[in-house]
Every structure is written in structure tokens, then in C-alpha cells.
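Heads up, the thing below is written out as C-alpha cells.
Every number in this text was worked out from the coordinates using simple rules, so none of it is lab data. Since the model is a prediction, treat every value here as computed from it, not as a measurement. Neighbour counts are summed over all protein chains in view; Cβ atoms, including those assigned to glycine, are modelled from backbone coordinates with ideal geometry.
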Amino acid sequence: MKKNKQSKQIIDIGISEKERQKIADGLSCLLADSYTLYLKTHNFHWNVTGPMFQTLHLMFEAQYTELALAVDLIAERIRSLGVPAPGTYREFAKLTTIKEPHGVPSATDMIQQLVEGQEAVVKTARSLFPVVEKAGDEVSADLLTQRMQLHEKNAWMLRSLLE
């Protein structure tokens, strides 16, 4: 078993330690955005009211449930790269681009904020492609592609409710 100076196992997956760290840093931002969007969506699920209550309550539940699974996949990819995954509100607050709501917004404002949140996750994921492509990290690229596809679809579905 190969070890480095600090008695840690050497990770030899064809991606340098420096590249793995850069990718993990970007994925940590994606994790923070995803977890913050999860919290916001769950909050809105609990607090939505109005004529679209049933539709939104169920839609928000489906979205936060999917996000709960996604954060695990993202964190596990970070760990696979040999880097600790962030996991506290304090860390997420420093890394996320998604703003927390003030009070309980109207249903329409909830939808708009979630559109913006879905789009923010897409932009964060998209920003990582140059780094993962340069490193030849197809696994992270696949994860990013899947996340972008899902969040673009969610943004479209939410946006459709605003028309």
C-alpha cells in the first residue's frame, strides 16, 4: 500500500492531487448550492398557501426529495476525489450562491425564487466543466451533466407556472 508523508493513502486515479482539489472545490460549491436549494424548497413545501397549494406542495416535495439524494451523490464524488466534503450550515453559507428567503413569500414569489435557485445550480455546475474536462474527469463531468439536465427541466416546469 502506497503512502505519502502524512500516512495517507495515495490516490492514483489518473487525476493529479492539485486537479482533484480544484474539482472538489467546485463540487463543494455545487453541494452548497444544492443543499441550500433543498432547504429552500423544503421550507416552501411546508409554507406554501393559496389556490395552487396542492400542485405546489407536491411539486416542491418531489424536488426536495430528489435534491436530498443529489447532495449525497455530490458529497460522495468529493470524497472519491480524496477531499473532505463540506457539511455544515456555516460552510454552505460561505460557498452557496443561493440567497435565503426573508419571511414567507407568496406562492408566486416562491416559484420565482425556486426558478432562480434551479438556474443557479445549473450555472455552478456549468462553471466546473473547464476544470473537469482539463483533468479528464469523466465521472465528475457525467455527474454535472445529469445535475444540469434535471435542474434545467425543473426551472422550465416552475417557469411554466408563472406564465
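General observations
- Evaluated over segment 17-161, the count of Lys pairs having alpha-carbon atoms less than 15 Å apart is 5 (only pairs 8 or more residues apart or interchain).
- Packing, taken as the mean count of other beta carbons within 10 Å per residue, orders the peptides 111-124, 24-37, 45-58 from highest to lowest as 24-37, 111-124, 45-58.
- Cα centroid separation - segment 22-50 against segment 79-158, whole Å: 7
- Scaled against the 2.2 N^0.38 Å expected of a compact globular protein of N residues, the Cα radius of gyration of segment 17-161 reads 1.06.
- Residue-averaged [θ]222 nm for the chain, counting only DSSP H segments that reach four residues, each worth -39500 (n - 2.57): -25000 deg cm²/dmol
- With contacts taken as Cα pairs under 8 Å and at least 6 residues apart, segment 17-161 reaches a relative contact order of 33 percent.
- Highest average packing first - 144-155, 9-20, Cβ atoms within 10 Å: 144-155, 9-20
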